[in-house]
Amino acid sequence: MLTYAYACDRCGEFEHQQSIKDPPLGSCPQCGAAVQRLVSGGSGFVSKGGRSSFGGSCAQASSCGQRGAHCGSCHR
């Protein structure tokens, strides 16, 4: 289930959970007025931590001797 943001002229903005396969809501579930689905920035990918597992060279290249290559100790 995804959460979509909608705007109702009478009630204001609200969120509604529905499947990606479901059509957008046409009316407000509280008052029945017409609604519009809002475009949201969504969520992006956030990498927490100092190392990236998306390419690059081995973080321990000087100690493992495999400069820029796959290193068994860091599993990249």
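Rule-based calculations on the coordinates, nothing more; no lab input. Only a predicted model underlies this, so the values are computations on that prediction, with no experimental measurement involved. In this analysis, Cβ positions are derived from the backbone assuming ideal geometry, glycine residues included, and neighbour counts consider all displayed protein chains.
Placing dummy labels 7 Å off each Cα toward the beta-carbon, the span from Ser19 to Lys48 is 3.2 nm. The label point for Met1 and the one for Ser27, both projected 7 Å from the Cα toward the Cβ, are 2.2 nm apart.
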